[in-house]
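What follows is a single structure, written as structure tokens, with notes after it.
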Amino acid sequence: MSTEPRAELFGPDVVAKAQDLMGRYPQSRSALLPMLHLVQSVQGHVSQEGIDFCAAQLGLSEAEVSAVATFYTMYKRRPCGEHLVSVCTNTLCAALGGDAIYEKLQERLGVGHEETAGEPGEPGSITLEHAECLAACDLAPVLQVNYEYYDKQTPESAAELVDALRRGEKPPPTRGAPLTGFRGAELRLAGFFPEDEETFRSEVDGPSQAPETLRGARLAADRGWTAPVMEDAPLPEVQAK
């Protein structure tokens with residue numbers, strides 16, 4: 001069992017949120033993924049103290065928590081900037097200019113993969129990374145800022161975007177929620193949202209679809225295309241182990 005993490009890092013409000021997360025699952029250990037996001041919302045990355053905190057809250061070993069934190073790329077082991085800029089360099093985005101966008105931002109920011117321009121956590125600081133796939137091939141090339149989408153980018157538009165971020169501006173994403181800082185996005189990924197409906201709608205909710213994404217569904221509706229009805233079929237028996 002891990003030792004108790006430093007109290008000044010994870011105060012009573014963070015402990016209360018961790019306990020809230022644990023209460024959402026039949027088994028408390030299932031709260032580990034959102035709890036790691038909670039840790040990142042406090043520190044801007046998953047530190048050893050954060051791993052200790054999760055282990056202590058969930059009754060897990062540090063090795064079990066570390067295995068999860070190092071498996072998923074969304075959990076950062078080094079402090080992130082105010083903004084995390086993720087450039088898709090997978091096949092389609094790369095073919096349409098994703099590699100050129102990433103190279104332009106490397107040059108503009110003077111950093112490489114998972115490196116930060118500016119002091120991590122300070123206003124205007126930016127951590128750059130290339131991402132394997134951002135699941136938006138119909139809008140390629142794309143990048144994300146704190147996991148919000150900026151579609152159909154060019155090297156020039158991407159450079160203008162990071163320049164604006166460094167000036168303290170928050171250009172609206174192409175779709176999705178209004179832009180917040182990396183730590184604010186992590187708190188939402190942990191599962192904590194404004195309780196006031198109006199605040200939620202203005203700060204969190206937003207349209208996620210784009211015309212290109214819905215084009216196939218609209219064509220099908222216009223032309224009366226439907227998928228064949230699936231016949232009820234018995235499932236194969238599963239041999240007991």
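Condition check ((1) surrounded by 15 or more Cβ atoms within 10 Å (Cβ to Cβ); (2) β-branched (Val, Ile, Thr); (3) more than 26 Å from residue 72 (Cβ to Cβ); (4) modelled with pLDDT of 90 or more) across all residues:
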{"residue": "165", "(1), (2), (3), (4)": "yes, no, no, yes"}
{"residue": "197", "(1), (2), (3), (4)": "no, no, yes, no"}
{"residue": "200", "(1), (2), (3), (4)": "no, no, yes, no"}
{"residue": "203", "(1), (2), (3), (4)": "yes, no, no, no"}
{"residue": "207", "(1), (2), (3), (4)": "no, no, yes, no"}
{"residue": "210", "(1), (2), (3), (4)": "yes, no, yes, no"}
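Give, as residue ranges, the helices (runs of 4 or more DSSP H) completely inside region 86-188 that count at least 1 residues that are closer than 30 Å to residue 38 by Cβ.
98-109, 155-166
Give the residues of region 25-80 that are among the polar types (S, T, N, Q) and within 14 Å of residue 187 (Cβ to Cβ), sorted by residue number.
Result: 40, 41, 43.
Kindly establish whether residue 10 is closer than 20 Å to residue 120 by Cβ, buried (at least 17 other Cβ atoms within 10 Å of the Cβ) and modelled with pLDDT under 95.
yes
Name the single residue that is farthest from residue 43 (Cα to Cα) among those in region 172-197 being among the hydrophobic types (A, V, I, L, M, F, W, C) and in contact (Cβ under 8 Å) with a residue 24 or more places away in the chain.
Step by step, filter region 172-197, then rank; the result is 177.
Hey, any hits in region 149-160 for a residue that's in the same structural domain as residue 87 (by TED's automatic domain parsing), under 12 Å from the mean Cα position of the chain (by Cα) and surrounded by 17 or more Cβ atoms within 10 Å (Cβ to Cβ)?
Yes: region 149-160 contains one or more residues that are in the same structural domain as residue 87 (by TED's automatic domain parsing), under 12 Å from the mean Cα position of the chain (by Cα) and surrounded by 17 or more Cβ atoms within 10 Å (Cβ to Cβ).
Suppose the filter is outside the structural domain of residue 141 (by TED's automatic domain parsing) and either aliphatic (A, V, I, L, M) or at pLDDT 90 or above (or both); does residue 220 pass it?
Here the answer is yes, as residue 220 does meet what is asked.
Give me the helices (runs of 4 or more DSSP H) completely within region 1-80, filtered to those with at least 1 residues that are among the acidic types (Asp, Glu) and not assigned by TED's automatic domain parsing to the domain that holds residue 116, ordered by residue number.
12-22, 48-58, 62-69
Does residue 141 satisfy being within 23 Å of residue 183 (Cα to Cα), touching a residue at least 40 places away in the same chain (Cβ under 8 Å), out of contact with any Asp or Glu (no Cβ under 7 Å at 6 or more places or on another chain) and in the same structural domain as residue 174 (by TED's automatic domain parsing)?
Here the answer is no, as residue 141 does not meet what is asked.
Tell me, which residue of region 84-138 that is charged (D, E, K, R) and closer than 16 Å to residue 158 by Cα is surrounded by the fewest Cβ atoms within 10 Å (Cβ to Cβ)?
Ranking the candidates gives 107 first.
Answer yes or no as to whether residue 141 is surrounded by 13 or more Cβ atoms within 10 Å (Cβ to Cβ) and at pLDDT below 95.
no
The values are calculated or read from the model by the stated rules, or taken from the named source; none is laboratory data. The structure presented is a predicted model; accordingly, all values stated were derived computationally and were not measured. Cβ: placed from backbone, ideal geometry, glycine included. Neighbour counts: every protein chain shown.
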